[in-house]
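Before any comments, here is the structure.
The values are calculated or read from the model by the stated rules, or taken from the named source; none is laboratory data. What you are looking at is a predicted structure, and each value in this text was computed from that prediction instead of being measured. The accessibility values were calculated without ligands, DNA or RNA, using every heavy atom of the protein model including side chains. Shrake-Rupley method; radii C 1.70, N 1.55, O 1.52, S 1.80 Å.
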Amino acid sequence: MPVTDWKQHRRLPAQCTFLFLLTILILTTLGCATAPKPQEPFIPGATVETLASGISLSVTSPEGSTGGTGYLLYRRPDRFHVVMLTPFGTTALEFFAKGDTVTVLVPSKGIAYVGSFGDLPAKGGLQGWRMMRWVVEGDPLFAPGTTGTVERTDAGGRTTVARYDGEGLLQGKTSEGSEAVYRDYQSVGGVPFPATIELTDRQGVQVKISFDEPEVNAPVDDGALTPKLEGVTILPLASLAGASSSR
């Protein structure tokens, strides 16, 4: 074998060592880059006053199931604006709530259905939205020192049993045949917030909401929570049941 080839062969272990160290360095760098950021500690007493978040929604009822993506705006105590999108990214439906007043806006048809929660169709899962006020009110999401179950009765005589874990995080609550389950808490600016909420009502309707990049306690103005009804045909919310069944 020529001497030059012999010298090159002798250098191979050093080259392999260099490649091995380079590989370790790259893997270590990638590991550092993808390591999760430390979570901010939860602030005792912090509450969700406002919420803006992308959502993934699935609804299962005795009549069938549906789902989709969109976004949700909320301002305490009872203002909601939910936008559900089509697969093409256009608006399929908007749901507004203020107190007991509900507006369901269908932009593609230029129609808005207005009424109260009691007027929502019993079928199709829309009644599940009645539970949202109950989900976010009353029981703190984080109550340090509170473990096990806590029972309370509100001004309307409704009894709720809340369940807390060993850290004082609300895991679930039940009332009059309805249940809410809170999963996978994250700290959003120190405010504890679940990544997923699952709701079940006494009619057997199940609603699962997963939140994407929630913003908690940022300003949410009235305009974003108020339906724009200029040029829109307004119908009674109770008639939505007939419209749904005719489709």
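Okay, here's what the table says:
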| quantity | calculated |
| --- | --- |
| Distant-in-sequence amide H partners of Ile234 (H built 1.01 Å from N, under 5 Å) | Ala112 |
| Surface per residue (accessible, 1.4 Å probe) for the stretch 89-244, Å² | 47 |
| For the stretch 99-115, Karplus couplings with θ = phi - 60° (6.51, -1.76, 1.60), whole Hz, Gly/Pro x | x, 9, 7, 10, 10, 10, 9, 10, x, 5, 9, x, 10, 10, 9, 10, x |
| 3J(HN,Hα) from dihedral phi, the stretch 57-62, Karplus parametrisation 6.51/-1.76/1.60, rounded to Hz, x for glycine, proline | 10, 10, 10, 10, 9, x |
| Percent of Cα-Cα distances greater than 27 Å, calculated over the stretch 112-247 | 34 |
| Karplus (6.51, -1.76, 1.60) ³J(HN,Hα), θ = phi - 60°, over the stretch 43-52, in Hz, Gly and Pro reported as x | 8, x, x, 5, 10, 8, 8, 9, 8, 9 |
